[in-house]
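Visitor: Got a structure for you, written out below as structure tokens; questions coming shortly.
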Amino acid sequence: MRSIINKTFLSLAKISGLALGFAVFIFLTVKIQYENSYDEFWIDSEDVYRVALDVKYANGEEVLSAKNFGGASELLDLELPEVISYCNLGKDVVTIFNGSKQKIQDVNFIYTDPTFFDVFKRKIIKSESTKLLENIHGVAISESFAKKLFGNEDPINKELTINEGWKFVVDAVFEDIPSHSHMKVDVVAAYKSLFYYMQNFDNTRQVLIKNPNYQYHKPDPYSQRRWNTPVQYRPYSYIKLKKGTPIQAVESKVAGLLSKVPLPYRLKKGDMKFKFQPIHDIHLKSNLSHEQSANGNTKQILFLYIIIAVVLFVCVINFINLNTISNIEQLKNYSIRIFNGSTYWQIFQMILAESFIFNGIALFIALPLAYVLIIAELPSTKVAPYIFLSVVAIVVLVSVIAALIPFLSVVKNGFASGLKIGKQKISQKWKSQRVMVTAQFSITIILIICTTGIYKQMQFMMASDLGFNGQQTLYSFSPMTMNQHPDIPNKLRTFRNKLDALSDVSSFSVSSSIPGQKVSRLNNQIRPLGVAEPFPTSFSEISIDDNYIKTYGIHLKAGKNLSVQNDWISDDILINETALPAMGIANAVDAIGQVITVGNKNCTIVGVIEDYHHASLHTPIKPSIYTQNLHWNHSVGYYSFQLSIKDIDKTMSQITQIWNALYPKEEFIYNFSEASFATQYARDQKFNQILTYSACLALLISCLGLLGMALFNIKKRVKEIGIRKVSGATVSQIIVLLNIDFLKWVIMAYIIALPMSWYTINRWLEDFAYRTNMSWWVYGFAGLLAITIALASVSWQSYKAATNNPVEALKEE
Amino acid sequence: MIKITDLEKYYKTDELQTIALNKLSFEVKEGEFVAIMGPSGCGKSTLLNILGMLDDSDGGSFIFNGEEVIDYNERKRANIRKHNIGFVFQSFNLIDQLSVFENVELPLIYTGVKKGERKKRVEEVLEKMQIMHRRKHFPQQLSGGQQQRVAVARAVVNNPKLILADEPTGNLDSSNGNEVMDLLTELNSQGTTIVMVTHSEHDAKFTHRIIRMLDGQKVAENTLV
């Protein structure tokens, strides 16, 4: 303990480096635990599978979809004794009103079978009936959503209204589904209710007509209807197997089962399979089309592991290094003890005890630090006991290694010589420390290059010409209360006319999607006129109006824009450039006037627009068609406003007034289109943040290590410096001499880091369809930064040594 | 060559002030070989450091080669030092990481002598000191006498006008000690002024004059020649 206090700087450098390393280790391990634990909390989670669809059509198109036909899970349930329960699940993102004008947007609303809670068991906190999801007007809502919607009031039997105007009562409140699930669910309703409301809701009067004769027919998987739903209406299918049933037992029977159902022609001609995905694998291992939401991936987990290893390595090396240095300084002390009867084992115990004390203090500091990080970033995560155990194991391991290395090095050096040689002979003995500091710096430089590279890619994505202009453009959801309402065109016309009167709104557009938002409709049924076989690719289908390309500054390549339609419906369409080869059209001009069949409607291509990025630069631009059709089939639409002035608040308050007058039941909530587009990179930014912090940390710790080495090195060379000064060396000559010594290692580290970082950053960039090139300056910058910081941290020590009175130095023996 | 008048030097700690040099005055002429003697702590080494411009004084005058240097800054002093003064220490003060050749070469590097010239001059002086055959060895591979010869070689390689020697035989046995003293005498006979701090009456006999000190003051002076 005394030696810890005596050498304050060295002790601080050792403890702070280790503490930071431990804190990062704990935090990132908990983060990995969190990512790995998706959907493991369900009871019998290992027996629950999602049934995904894998179809190879005869024309070569392959669809690997997270969604499946409704008949899939029903058929498996009926035919196979191994399947004990199943459910289909259709997801919608809706806006919900609680009776007053107040609304909650982006609510995860699912329609499902009454067996949902058999497959996905949740504690029912409050319930009105014993049979959940049997009441046509009833829904079950999550505990947190109940609180959000009704505050502290009892939610049972309270009414809620969804955007279509459909009113439900709360039948039950279930325990929240934790955030580490691939399913986000706020409200659960039965398919039975969906069909009832679709048949019996009068959109004109916004009332539900009572139909006492309504009979719900359980879907029949043996009818062809269950196997020809377009992809946007298909559900996610889940099955639950008898405990311990191997999935192969089910897989092997699928082909036989499918032969029992009257599959439509296209499926029959193709090769259709089911892909059974264990639910806890979905988050990290599934990246199919139509996932419920963007999943994580194993590559990022791997990167996290690498970061943990790297940071821990840097910290531990730093500790071992500094510990070795301080122990070499103690050589004389140990020698005296040996001469006075101490054994080697007792000396080792001394070093080990000190090492344990350092590790203990570091852990003591790291725990609250990690706790704060976990609370901020991963709230509600329970830290698994194995993490605590691994931390303890690491502390023990580091303590022992950090004691063993200096012990062996002093043993090798010879205790007996400790008295004689003082500090002089040690110089040859600490090559290993130099190697370690070089390794530390290599890693640091790799981290700096990767961080800069990722930052550059972020900048590239932000600054890329996306092919559209989202500046000064705001958007809102289209009024939810108007969905399916026959009055939509009238009200929309009034809204548009009033906006036209506002001089500061340069353009207003209505569309089914906007850049940065999901395209809910993928159409694989587009075919040339008079041909039965569709094009082999699926197309994004976005419904827009005549103002869309103006609002988003999208350029026409050939032909003309869509024309104004009184009711927003026409047979004219636009396509993007990428759609041309997909349709087998040689160039944009040739496309104009061609007629294609979209579903069962013949549409004329009137214009070709230049490609723009509707989605993030992670994905390539998809072939797309732009129709004009206000009926978006229940999905959410967008209103976009391009403003011509900077005083956005004033204009938006005018728009809010217009909105309130027309859609009094609904609040006007708007956002910036650019910001919405940028949220697609939130995950990348988060990752970059972790990397940046790690790089800074590694740099800091490496510098601490370097500083410790500098102190030791200078102390060791005090006499030499004195002699050189006496021989006529100037202060600057001494500083250069000392600094070059460190510079050598940093440059060596840089040379080692170059190829490794080149490889790493290129692997990471593979994830982006559109990527920046890694210019030489990124590598140059990292090297320069490392060298500058290394020099800055040692120069002060060098200066102090160089200006010391040489008389003092020469007195030192 | 050296004229000091009323030279003062104090060492201060938190509680007390120790007087190392107390109004010390004397002169050393060019070509002289002077021994400074006195008990431990009498200020001999302090004096030598001030003469070597390695340390500041706290008062008095110090004229070196007709130039008042007492107020010179570190750069000016370093400049005079490297062109005019060579040092020999009791503990040799060689750099362990450098070979014999490199140790001797050091002052020439700092005075900006070209490489070819350096080689010539180092070899000349090593030859003279009879350690040419050891030029590639490192200090730890040499005997004490050999190490001190290297140190003397380093001190004279720049042809300094003045050599300051601090107990040059203190770490040597008598035969090695005599060798070093012969070397110094020879250098002196070739015109180099030498000021030597010593405890040894035997060594002092090699010089022209002995200045005896006590408590920072000159108490006696004996001329031997």
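The values are calculated or read from the model by the stated rules, or taken from the named source; none is laboratory data. Quick caveat: nothing in here was measured; it's all calculated off a predicted structure. With ideal geometry, Cβ positions are generated from the backbone for all residues, glycine too; neighbour counts draw on all protein chains shown.
Visitor: Restricting to the range A:93-128, and then to whatever is without any contact (Cβ under 8 Å) to a residue 40 or more places away in the chain and not in a strand (DSSP E or B), can you tell me which residue is nearest to A:Lys240 (Cα to Cα)?
Guide: Per the stated criteria, the residue is A:Thr115.
Visitor: Going through the range A:342-390 one residue at a time, which ones are touching a Lys or Arg at 6+ places or on another chain (Cβ under 8 Å) and surrounded by fewer than 17 Cβ atoms within 10 Å (Cβ to Cβ)?
Guide: Passing the criteria: A:Gln346, A:Glu377.
Let's see how each residue does on (1) farther than 20 Å from A:Ser293 by Cβ; (2) surrounded by fewer than 19 Cβ atoms within 10 Å (Cβ to Cβ); (3) β-branched (Val, Ile, Thr); (4) within 37 Å of the chain's Cα centre (by Cα):
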residue	(1), (2), (3), (4)
A:Gly151	yes, yes, no, yes
A:Val170	yes, no, yes, yes
A:Ser179	no, yes, no, yes
A:Lys184	no, yes, no, yes
A:Val187	no, no, yes, yes
A:Tyr214	yes, yes, no, no
A:Trp227	yes, no, no, yes
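Visitor: Within the bounds of the range A:741-756, is there any residue that is more than 14 Å from chain B (Cβ to nearest Cβ), within 27 Å of A:Ala802 (Cβ to Cβ), among the small types (Gly, Ala, Ser) and in contact (Cβ under 8 Å) with a residue 12 or more places away in the chain?
Guide: Yes, there is a match, as at least one residue in the range A:741-756 is more than 14 Å from chain B (Cβ to nearest Cβ), within 27 Å of A:Ala802 (Cβ to Cβ), among the small types (Gly, Ala, Ser) and in contact (Cβ under 8 Å) with a residue 12 or more places away in the chain.
Visitor: Condition first: part of a loop (DSSP other than H, G, I, E, B), more than 17 Å from B:Glu30 (Cβ to Cβ) and of a type in the set (S, T, N, Q). Now tell me which residues in the range B:59-73 satisfy that.
Guide: Once the filter is applied, which keeps residues that are part of a loop (DSSP other than H, G, I, E, B), more than 17 Å from B:Glu30 (Cβ to Cβ) and of a type in the set (S, T, N, Q), the range B:59-73 yields only B:Asn73.
Visitor: In addition: Within the range B:22-47, track down each residue that is within 14 Å of chain A (Cβ to nearest Cβ) and at pLDDT 90 or above.
Guide: B:Leu47
Visitor: Filter the range A:796-813 down to residues that are away from chain B (no Cβ under 14 Å) and crowded, with 16+ Cβ neighbours inside 10 Å and give me whichever is farthest from A:Gln733 (Cα to Cα).
Guide: A:Gln797
Visitor: Quick one: B:Leu162 ticks every box in (1) more than 10 Å from every other protein chain (Cβ to nearest Cβ); (2) over 18 Å from B:Gln190 (Cα atoms) bar one, so which box is it?
Guide: Checking B:Leu162 against (1) more than 10 Å from every other protein chain (Cβ to nearest Cβ); (2) over 18 Å from B:Gln190 (Cα atoms), the one that fails is (2).
Visitor: For the range A:61-71, check the following and say yes or no: at least one residue is on the phi > 0 side of the Ramachandran plot and either of a type in the set (D, E, K, R) or not in a helix (DSSP H, G or I) (or both).
Guide: no
Visitor: Give the range A:152-200 a look and list any residue that's under 30 Å from A:Asp220 (Cβ atoms), in contact (Cβ under 8 Å) with a residue 24 or more places away in the chain and polar (S, T, N, Q), or say none.
Guide: Passing the criteria: only A:Ser193.
Visitor: Just to be sure I understand the filter: pairs with C-beta atoms under 9 Å, separated by 6 or more residues or on different chains, first member in the range A:539-556 and small (Gly, Ala, Ser), second member modelled with pLDDT of 90 or more and surrounded by fewer than 20 Cβ atoms within 10 Å (Cβ to Cβ). Which pairs pass?
Guide: A:Ser540/A:Lys622
Visitor: Can you say whether A:Asn157 is in a loop (DSSP other than H, G, I, E, B), surrounded by 17 or more Cβ atoms within 10 Å (Cβ to Cβ) and either of a type outside the set (Gly, Ala, Ser) or touching a helix residue (DSSP H, G or I) at 6+ places or on another chain (Cβ under 6 Å) (or both), as far as the supplied structure shows?
Guide: no
Visitor: Let me ask something else about it. Please determine whether any residue of the range B:46-57 is more than 24 Å from B:Gly170 (Cα to Cα) and surrounded by fewer than 17 Cβ atoms within 10 Å (Cβ to Cβ).
Guide: Yes, the range B:46-57 contains at least one residue that is more than 24 Å from B:Gly170 (Cα to Cα) and surrounded by fewer than 17 Cβ atoms within 10 Å (Cβ to Cβ).
Visitor: Further, regarding this structure: Considering only residues that are farther than 17 Å from A:Gly708 by Cα and crowded, with 20+ Cβ neighbours inside 10 Å, look in the range A:326-341 and name the one that is modelled with the highest pLDDT.
Guide: Checking each candidate, the answer is A:Tyr334.
Visitor: Are any residues in the range B:74-96 in a helix (DSSP H, G or I), touching a residue at least 60 places away in the same chain (Cβ under 8 Å) and more than 7 Å from chain A (Cβ to nearest Cβ), and if so, which ones?
Guide: Residues satisfying the conditions are B:His83, B:Asn84.
Visitor: Just checking, does the range A:771-781 include any residue being outside any helix (DSSP H, G or I), away from every other protein chain (no Cβ under 14 Å) and touching a His at 6+ places or on another chain (Cβ under 8 Å)?
Guide: Among the residues of the range A:771-781, not one is outside any helix (DSSP H, G or I), away from every other protein chain (no Cβ under 14 Å) and touching a His at 6+ places or on another chain (Cβ under 8 Å), which makes the answer no.
Visitor: Also: Which of (1) under 17 Å from the mean Cα position of the chain (by Cα); (2) closer than 26 Å to B:Glu8 by Cα; (3) hydrophobic (A, V, I, L, M, F, W, C) does B:Val219 not meet, given it meets every other one?
Guide: Evaluating B:Val219 over (1) under 17 Å from the mean Cα position of the chain (by Cα); (2) closer than 26 Å to B:Glu8 by Cα; (3) hydrophobic (A, V, I, L, M, F, W, C) leaves (1) as the failure.
Visitor: When both residues are 6+ apart or on different chains and their Cβ atoms are under 8 Å apart, which pairs have a first residue that lies in the range B:208-219 and is under 20 Å from B:Gly191 (Cα atoms), and a second that is of a type outside the set (Val, Ile, Thr) and surrounded by 17 or more Cβ atoms within 10 Å (Cβ to Cβ)?
Guide: Within 8 Å, the pairs are B:His208/B:Glu32; B:His208/B:Phe33; B:Arg209/B:Glu32; B:Arg209/B:Phe33; B:Arg209/B:Ala35; B:Ile210/B:Ala35; B:Ile210/B:Met37; B:Ile210/B:Ala204.
Visitor: Might you check whether a residue that is outside any helix (DSSP H, G or I), surrounded by fewer than 21 Cβ atoms within 10 Å (Cβ to Cβ), more than 14 Å from chain A (Cβ to nearest Cβ) and touching a residue at least 60 places away in the same chain (Cβ under 8 Å) occurs anywhere in the range B:10-17?
Guide: no
Visitor: Would you point out which residue out of A:Ser507, A:Ser512 is crowded, with 20+ Cβ neighbours inside 10 Å and of a type in the set (Ser, Thr, Tyr)?
Guide: Criteria check complete, one pass: A:Ser512.
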